[in-house]
1. Got at least one residue in the stretch A:90-107 being touching a helix residue (DSSP H, G or I) at 6+ places or on another chain (Cβ under 7 Å) and either buried (at least 17 other Cβ atoms within 10 Å of the Cβ) or more than 8 Å from every other protein chain (Cβ to nearest Cβ) (or both)?
2. Considering the stretch A:41-68 alone, what residues qualify as being in a strand (DSSP E or B) and within 17 Å of residue A:99 (Cα to Cα)?
3. Any residue in the stretch A:90-110 that is at pLDDT below 95 and farther than 26 Å from residue B:40 by Cα?
4. From the list B:65, B:78, B:92, B:74, which one is under 14 Å from the mean Cα position of the chain (by Cα), more than 10 Å from every other protein chain (Cβ to nearest Cβ) and within 27 Å of residue A:59 (Cα to Cα)?
5. Give me a count of the residues in the stretch B:15-44 that are surrounded by 18 or more Cβ atoms within 10 Å (Cβ to Cβ), over 13 Å from the mean Cα position of the chain (by Cα) and closer than 14 Å to residue B:67 by Cβ.
6. Return the total of residues in the stretch A:1-45 being without any contact (Cβ under 8 Å) to a residue 24 or more places away in the chain and either under 17 Å from residue A:82 (Cα atoms) or buried (at least 16 other Cβ atoms within 10 Å of the Cβ) (or both).
7. Restricting to the stretch B:19-38, what's the tally of residues that are closer than 15 Å to residue B:89 by Cβ and part of a strand (DSSP E or B)?
8. Return yes or no: is residue A:119 modelled with pLDDT of 95 or more, assigned to a loop (DSSP other than H, G, I, E, B) and more than 14 Å from every other protein chain (Cβ to nearest Cβ)?
């Protein structure tokens, strides 16, 4: 059974870089599949941030592309998200999920982690 | 990429059926049979309910069905139950990304 778990600081200061890691268990990332990050501001809808393939190929939401960097560490079975120059608008619950075939088919999801941007 | 358009809210009584629409463009919904639907209860992570327009993952009730016509995809839930009260989101492949819809709050009265 594949499981994902997000981890990282829950509080980030404005203008700094948000860094999150997703640890995958029950499946080896190096075996394949795409892996994605999605966020949800409090009381709002879901926003796709980006997707990474196991070989490191990345696909980013055009509205966030200039600030997003995703990477994969197959030795640790993890993939990561960095979002630079954050503002209060980046406050959200951040989810990681397996993205089958880079088709918007996300399953399973992590439980999500709230990141607040505040000084 | 623009967000897909969904009705903000809908409501029905238990036992009834509901159809939730998801309107995109010829660049996303209209071009690919790669629409997925998610159900999200308050405080919980989204759960995949349908993928590739009308396919159900293992364990999802056959009360959930999907269809697509042109640039609009639809999720139909039959025999509404209290547990179906939740937010529903659609998502579509769009060539270089996967935008979500704005979400629909379903109330089961």
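1. For the stretch A:90-107, residues touching a helix residue (DSSP H, G or I) at 6+ places or on another chain (Cβ under 7 Å) and either buried (at least 17 other Cβ atoms within 10 Å of the Cβ) or more than 8 Å from every other protein chain (Cβ to nearest Cβ) (or both): absent.
2. A:47, A:48, A:49, A:50, A:51, A:52, A:53, A:58, A:59, A:60, listed by residue number.
3. No, there is no match, as no residue in the stretch A:90-110 is at pLDDT below 95 and farther than 26 Å from residue B:40 by Cα.
4. B:74
5. The total comes to 0.
6. So the count comes out to 1.
7. Final tally of qualifying residues: 8.
8. On the way: modelled with pLDDT of 95 or more: yes; assigned to a loop (DSSP other than H, G, I, E, B): yes; more than 14 Å from every other protein chain (Cβ to nearest Cβ): yes.
Answer is yes for this residue.
The values are calculated or read from the model by the stated rules, or taken from the named source; none is laboratory data. Since the model is a prediction, treat every value here as computed from it, not as a measurement. Backbone-built Cβ (ideal geometry, glycine too); neighbour counts: all protein chains shown.
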